[in-house]
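**Student:** Below is the structure I would like to discuss, written out as structure tokens.
The values are calculated or read from the model by the stated rules, or taken from the named source; none is laboratory data. Keep in mind the model is a prediction, meaning the values are calculated, not measured. Counting neighbours? That spans all protein chains shown, and the Cβs are built from the backbone with ideal geometry, glycine included.
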Amino acid sequence: DAGVTQSPTHLIKTRGQHVTLRCSPISGHKSVSWYQQVLGQGPQFIFQYYEKEERGRGNFPDRFSARQFPNYSSELNVNALLLGDSALYLCASSLAYAGANYEQYFGPGTRLTVT
Amino acid sequence: GQQVMQIPQYQHVQEGEDFTTYCNSSTTLSNIQWYKQRPGGHPVFLIQLVKSGEVKKQKRLTFQFGEAKKNSSLHITATQTTDVGTYFCAATGSSGSARQLTFGSGTQLTVLP
């Protein structure tokens with residue numbers, strides 16, 4: 001069985017641009033969460049979606065948005081990119097949302113560099 | 001928001017020595033999970049602890065959840081070079097917005113051969 005997949009693997013953008021990151025969960029998983037991981041730090045929670053509804057949002061500005069599609073895949077959008085948005089963006093899928101004590105399976109991440 | 005403190009930040013050990021990382025919260029946790037991230041890789045789930053005072057073992061790894069459900073530890077016995085990586089605890093609070101998964105800052109383990 002395929003694990004969590006993310007695309008693209010790497011991305012270089014300029015300040016002020018917009019970016020869309022994509023994630024496909026493990027088959028059968030209905031929850032997708034997004035995390036930002038800056039070098040040397042732990043993943044920071046951005047969003048969680050379950051059954052196509054937002055179930056949680058971390059402390060990130062409105063420039064960050066996400067959605068989940070009927071096939072449970074998800075997109076993370078970031079507008080008006082700043083240098084500080086440079087990070088590894090991780091997608092994780094689980095059977096249910098984290099509040100229900102389910103382990104999360106992480107994808108390989110998208111390395112975003114903003115110049 | 002909920003915070004999870006993890007110490008130490010770095011640990012260098014000689015192969016064969018033991019290693020322990022600690023995770024602490026000021027609030028009661030619903031559960032705690034442990035993940036391992038190899039250099040250049042992504043976090044991989046190791047285990048989840050739910051019950052007060054719970055202890056779980058995976059070969060050379062021992063995981064503990066405190067009686068008050070506010071702290072946890074991961075102990076590795078007789079480290080090997082394959083144990084190299086960053087170990088993160090991740091906790092879910094017991095109510096409201098705290099139910100999102102909050103990661104500690106991680107302990108980066110280096111094992112010297």
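**Student:** In this structure, is A:Asn71 surrounded by fewer than 23 Cβ atoms within 10 Å (Cβ to Cβ), over 16 Å from A:Ile46 (Cβ atoms) and away from chain B (no Cβ under 14 Å)?
**Tutor:** So A:Asn71 passes the test.
**Student:** Return yes or no: is A:Leu90 among the aliphatic types (A, V, I, L, M) and in contact with a His (Cβ under 8 Å, 6 or more places away or on another chain)?
**Tutor:** It is true that A:Leu90 is among the aliphatic types (A, V, I, L, M) and in contact with a His (Cβ under 8 Å, 6 or more places away or on another chain).
**Student:** For the stretch B:56-104, what are the residues that are polar (S, T, N, Q) and at pLDDT 95 or above?
**Tutor:** B:Gln58, B:Thr62, B:Gln64, B:Asn71, B:Ser72, B:Ser73, B:Thr77, B:Thr79, B:Gln80, B:Thr81, B:Thr82, B:Thr86
**Student:** Would you pick out the residues in the stretch B:29-83 that are touching a residue at least 60 places away in the same chain (Cβ under 8 Å), β-branched (Val, Ile, Thr) and in a loop (DSSP other than H, G, I, E, B)?
**Tutor:** Answer for the stretch B:29-83, where residues must be touching a residue at least 60 places away in the same chain (Cβ under 8 Å), β-branched (Val, Ile, Thr) and in a loop (DSSP other than H, G, I, E, B): just B:Thr79.
**Student:** Counting only residues that are over 10 Å from the mean Cα position of the chain (by Cα) and small (Gly, Ala, Ser), which one in the stretch A:94-115 is surrounded by the most Cβ atoms within 10 Å (Cβ to Cβ)?
**Tutor:** It comes out as A:Ala98.
**Student:** Still on this structure: Within the stretch B:4-28, count every residue that is in a loop (DSSP other than H, G, I, E, B) and within 11 Å of another protein chain (Cβ to nearest Cβ).
**Tutor:** Number satisfying all stated conditions: 1.
**Student:** Checking B:Thr82 against (1) closer than 23 Å to A:Arg57 by Cα; (2) over 12 Å from the mean Cα position of the chain (by Cα); (3) β-branched (Val, Ile, Thr), which single condition isn't satisfied?
**Tutor:** Among (1) closer than 23 Å to A:Arg57 by Cα; (2) over 12 Å from the mean Cα position of the chain (by Cα); (3) β-branched (Val, Ile, Thr), the lone unmet condition for B:Thr82 is (1).
**Student:** Any chance the stretch A:78-87 includes a residue that's within 14 Å of chain B (Cβ to nearest Cβ), surrounded by 13 or more Cβ atoms within 10 Å (Cβ to Cβ) and touching a residue at least 12 places away in the same chain (Cβ under 8 Å)?
**Tutor:** Checking the stretch A:78-87: at least one residue is within 14 Å of chain B (Cβ to nearest Cβ), surrounded by 13 or more Cβ atoms within 10 Å (Cβ to Cβ) and touching a residue at least 12 places away in the same chain (Cβ under 8 Å).
**Student:** For A:Gly84, state whether it is within 21 Å of B:Leu29 (Cα to Cα), of a type in the set (Gly, Ala, Ser) and out of contact with any Leu (no Cβ under 7 Å at 6 or more places or on another chain).
**Tutor:** The answer is no for A:Gly84.
**Student:** Could I ask something else about it? In the stretch A:51-64, how many residues are more than 12 Å from chain B (Cβ to nearest Cβ) and either among the aliphatic types (A, V, I, L, M) or over 20 Å from A:Val19 (Cβ atoms) (or both)?
**Tutor:** Here the count works out to 3.
**Student:** When you check A:Leu39 against the structure, is it aliphatic (A, V, I, L, M) and surrounded by fewer than 19 Cβ atoms within 10 Å (Cβ to Cβ), yes or no?
**Tutor:** yes
**Student:** State which residue pairs qualify: first residue at the interface with chain A (Cβ under 7 Å from one of its Cβ atoms) and aromatic (Phe, Trp, Tyr) and inside the stretch B:99-110, second residue surrounded by 22 or more Cβ atoms within 10 Å (Cβ to Cβ) and outside any loop (DSSP other than H, G, I, E, B) in any location, beta carbons under 8 Å apart, and separation of 6 or more residues or different chains.
**Tutor:** Close Cβ pairs (under 8 Å, with a partner that is surrounded by 22 or more Cβ atoms within 10 Å (Cβ to Cβ) and outside any loop (DSSP other than H, G, I, E, B)) amount to B:Phe103/A:Tyr35; B:Phe103/A:Phe45; B:Phe103/B:Val4; B:Phe103/B:Tyr35; B:Phe103/B:Phe88; B:Phe103/B:Cys89; B:Phe103/B:Ala90.
**Student:** Considering each of A:Leu112, A:Leu81 in turn, give the residue that is within 20 Å of A:Arg22 (Cβ to Cβ) and part of a strand (DSSP E or B).
**Tutor:** Within the list A:Leu112, A:Leu81, the selection yields A:Leu112.
**Student:** Still on this structure, I have one more. So which residues in the stretch A:27-45 are over 17 Å from B:Ala91 (Cβ atoms), within 12 Å of chain B (Cβ to nearest Cβ) and either within 10 Å of the chain's Cα centre (by Cα) or assigned to a loop (DSSP other than H, G, I, E, B) (or both), if there are any at all?
**Tutor:** A:Trp34, A:Gln36, A:Val38, A:Leu39, A:Gly40
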